[in-house]
Structures are given as structure tokens and as C-alpha cells.
1. Over the stretch 39-124, give the accessible area per residue in Å² for a 1.4 Å probe, as an integer.
2. On a C-alpha basis, how far is the centre of the stretch 94-120 from the centre of the stretch 1-65 in Å? Whole number, if you could?
3. Which whole-Hz couplings ³J(HN,Hα) result when phi for each residue of the stretch 48-61 is put into the Karplus expression 6.51 cos²θ - 1.76 cosθ + 1.60, θ = phi - 60°, listed in order with x for Gly and Pro?
4. Express the carbon and sulfur contribution to the solvent-accessible surface of the chain as a percent, rounded to the nearest whole number, probe 1.4 angstrom.
5. Would you check the accessible area of Leu18, probe 1.4 Å, heavy atoms only, in square angstrom rounded to 10?
6. Amide H neighbours of Val64 under 5 Å, counting only residues 5+ apart in sequence or on other chains, H built in-plane at 1.01 Å?
7. Let me check against my output: what whole-number percent is the relative contact order of the chain, with C-alpha pairs under 8 Å and at least 6 apart?
Amino acid sequence: QMHLVESGGGLVQAGGSLSLSCANTGCTFSDHVVGWFRQAPGKDYDFVASIRWSDGSTRYADSVKGRFTLSRDSANHAVDLQMNSLNPEDTAVYYCVAVYGSAWRFTRYEFPYWGQGTQVTVSS
């Protein structure tokens with residue numbers, strides 16, 4: 001059974017950086033797509049980024065492209081989201097998600113596995 005556990009997050013000033021990590025403690029990633037969604041207060045879930053575990057290829061939302069980098073940590077069965085040049089609009093709860101199968105997915109309904117979420121707050 002897949003069990004996703006996020007770490008990282010916190011409070012940072014605008015222009016700063018944070019790193020999030022998502023570990024899979026229940027089983028191993030194989031033919032999975034692993035990614036991140038976020039939910040700002042009063043808003044819907046937004047796709048942030050995802051990575052295809054088999055080859056490390058990535059996809060990003062336009063709003064984070066060039067600022068966020070998603071990578072895989074094969075040794076620890078984890079993915080790391082490096083977030084740079086953060087702005088207040090990035091403030092949200094960030095959720096790690098995963099789905100079996102290598103096809104790209106971009107809506108929250110397509111990911112059956114979710115972590116508990118971690119808060120990211122960017123002050124102006």
C-alpha cells in the first residue's frame with residue numbers, strides 16, 4: 001500500500017526558496033507518475049509539477065516553470081521539489097500525489113494516492 005509522507009515547507013519571505021520532499025513509505029515507486037498539487041485558501045487544487053519515475057521526465061504548471069524543479073531520489077524512494085523565487089501567490093498547502101502508470105495526468109481526480117499536505121507560506 002502506498003503511503004506518501006511530505007516534509008519541508010514552512011514560512012519564507014518573497015524571493016526566497018524552500019524544498020519539499022515526498023517519501024513513499026509503503027512500497028516502491030516503479031511505473032508511477034509522482035507529483036505535487038497545491039491548494040490556496042478558498043481555491044481549488046492546482047497542478048504544480050510531476051515526474052515520471054521510470055525516466056525522470058517532468059512536467060510543470062506554467063505558473064512555476066523556471067522557478068520550481070522536481071527531481072527523484074531513487075535511493076530513498078522520494079521526490080524533491082525545489083522551489084525558488086517564491087512569491088505570495090505560491091502560498092498554499094502542498095500535496096504529494098502518485099498514480100500507477102506512466103501516462104501524464106494533470107487533474108487531481110486522476111491521482112488516487114495523496115499525502116497529508118504541508119503548508120508553504122510566502123510573506124511579502
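The values are calculated or read from the model by the stated rules, or taken from the named source; none is laboratory data. Predicted model, so just to flag it, every value in this text is computed and none were measured. Note: areas computed on protein heavy atoms with side chains; ligands, DNA, RNA excluded. Shrake-Rupley method; radii C 1.70, N 1.55, O 1.52, S 1.80 Å.
1. Solvent-accessible surface per residue comes out at 51 Å².
2. 8
3. 10, 6, 8, 9, 8, 4, 5, 10, x, 6, 10, 9, 10, 5
4. On the way: 2820 of 5950 Å².
On the chain, the fraction of accessible area on carbon and sulfur atoms equals 47 percent.
5. 30
6. Excluding prolines and chain starts, which carry no amide H, there are no hits.
7. Reported as a whole number, the value is 35 percent.
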